[in-house]
Amino acid sequence: MTERYAVVVVGGGAAGLSAALVLGRARQRTLVVDAGEPRNAPAAHMQGYLSRDGMPPAEFLAVGREEIARYGVELVRDRVVEVAKGGDFAVVLAGGRTVRARRLVVATGLQDELPAVPGVAERFGRDVLHCPFCHGWEVRDQPFGVLGTSPNSVQQALMVSRWSKDVRFFLHAVAEEELSDEDLRRLAAAGVDVVPGEVAGLVTEDDRLTGVRLADGTTHTRSVLFVAPHAVPRTGLLERLGAELHETPFGAYPVVDATGLTTVPGVWAAGNAIGFGEQVVHAASGGYRAAAAIVGDLLMADLDAALRV
Ligand SMILES: Cc1cc2nc3c(=O)[nH]c(=O)nc-3n(C[C@H](O)[C@H](O)[C@H](O)COP(=O)(O)OP(=O)(O)OC[C@H]3O[C@@H](n4cnc5c(N)ncnc54)[C@H](O)[C@@H]3O)c2cc1C
């Protein structure tokens, strides 16, 4: 017999664990399937989550896993590879197990594809950063670089100027003609120096970033480099279920209502699976909302079924 759960949560990051906590406490038989690759794994600390500011991401998730276990939620380290609809959902795991679920929470996060500059991937989350809200305070007043990967990088260069007065915007893949007069005026007003030319690599000493090297051989002393990853939302399962997506500047994400319900009945989504800007606190909140909505939805389904007999 295939095991049947009220809810299967796909993904055990902040969004999935938060949903699981609420579902467990609401006495719903819940399984979390987690492949164990949370987005912020490269960072030593998680910032900006009230009461958890500075906690290591792995510790945050370990506490979450302990909390859901108290309420009988099961968690397996595996990957959901397929989901099929037909009454219940049939959820297929890479390890070979198939389970059934009345409702689904997709909390699979997203993947960051980093610019192909040597050293960037290795240093990401340390002194190559993407999010000043996550790390800006820790590196405040240091010499910043910003790697231009698209005209949107202007916004990043302007934003990080709130954390340091010494910002150089390396145009790299951005042609000078792509910058509007307004961009140039704003960059000047923010005190950001614009540096033309391609970035060829990073300079490090004792495993710390000390500079940015251009293709012409010049080196700029910098101890922090901001980059804009290309976000790849993990929407494969949702797309195969027929969920509608909407385009954003950071990729295509599922259309959801205020509770995270997708356009597929019975399937909710939360966290970075629904948007690039979902920080940990938002992801946890989204998981809670989805779980509470599911508890109400299952209640009504059960009452309707009872009234039909
Ligand atoms: C370097 C870095 C630093 C950051 N620092 C901060 C910070 O300081 N503060 C902050 O608020 N935010 C920070 N963020 C953002 C933070 O990572 C996200 O807000 C958060 O991870 C979103 O949680 P989530 O649960 O949606 O996704 P994730 O944490 O990415 O969790 C998704 C989980 O789903 C699993 N999964 C994916 N597909 C499947 C599948 N098919 N089957 C089973 N499991 C699957 C993944 O392996 C992963 O474990 C940072 C991001 C980065 C990249």
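Rule-based calculations on the coordinates, nothing more; no lab input. Keep in mind the model is a prediction, meaning the values are calculated, not measured. Ideal geometry is used to build each Cβ from the backbone, glycine not excepted, and the neighbour counts take in all protein chains shown.
Inspection of the stretch 238-247 finds a residue satisfying the criterion of being within 16 Å of the ligand (Cβ to nearest atom), within 18 Å of the chain's Cα centre (by Cα) and surrounded by 14 or more Cβ atoms within 10 Å (Cβ to Cβ).
Inside the stretch 95-106, can you point out the residues that are part of a loop (DSSP other than H, G, I, E, B) and surrounded by 12 or more Cβ atoms within 10 Å (Cβ to Cβ)?
Within the stretch 95-106, the subset part of a loop (DSSP other than H, G, I, E, B) is 95-97.
Result: Arg97, single match.
Being within 13 Å of the ligand (Cβ to nearest atom) and either touching a Phe, Trp or Tyr at 6+ places or on another chain (Cβ under 9 Å) or of a type in the set (D, E, K, R) (or both) is the filter here, so list the residues in the stretch 68-81 that pass it. Correct list: Arg77, Asp78, Arg79.
In this structure, Val8 does not qualify as assigned to a strand (DSSP E or B), within 9 Å of the ligand (Cβ to nearest atom) and under 21 Å from the mean Cα position of the chain (by Cα). Among the residues that make up the stretch 112-124, is at least one of them crowded, with 17+ Cβ neighbours inside 10 Å, within 8 Å of the ligand (Cβ to nearest atom) and of a type in the set (Lys, Arg)? Checked against the condition, which is being crowded, with 17+ Cβ neighbours inside 10 Å, within 8 Å of the ligand (Cβ to nearest atom) and of a type in the set (Lys, Arg), the stretch 112-124 yields no hits at all. Within the stretch 228-272, the set of residues being on the phi > 0 side of the Ramachandran plot and not in a strand (DSSP E or B) comprises Gly242, Gly260, Gly266, Gly271.
Here is the figure for the stretch 256-309: residues that are without any contact (Cβ under 8 Å) to a residue 40 or more places away in the chain and either loosely packed, with under 15 Cβ neighbours inside 10 Å or of a type in the set (D, E, K, R) (or both) total 16. So the check is Cβ under 8 Å with 6+ separation or different chains; which pairs have a first residue in the stretch 45-67 that's more than 9 Å from the ligand (Cβ to nearest atom) and a second one that's basic (Lys, Arg)? Going by the 8 Å Cβ cut-off, the qualifying pairs are Phe60/Arg52.
Got a number for residues in the stretch 79-94 being outside any strand (DSSP E or B), surrounded by fewer than 16 Cβ atoms within 10 Å (Cβ to Cβ) and touching a strand residue (DSSP E or B) at 6+ places or on another chain (Cβ under 8 Å)?
In the first step, residues of the stretch 79-94 are kept if they are outside any strand (DSSP E or B); the result is 79, 87, 94.
Subsequent filtering for residues that are surrounded by fewer than 16 Cβ atoms within 10 Å (Cβ to Cβ) retains 87, 94.
Narrowing further to those that are touching a strand residue (DSSP E or B) at 6+ places or on another chain (Cβ under 8 Å): 94.
Qualifying residue count, the stretch 79-94: 1.
Does Gly64 qualify as being touching a Ser or Thr at 6+ places or on another chain (Cβ under 9 Å) and under 30 Å from Val139 (Cβ atoms)?
Details: touching a Ser or Thr at 6+ places or on another chain (Cβ under 9 Å): yes; under 30 Å from Val139 (Cβ atoms): yes.
In short, yes.
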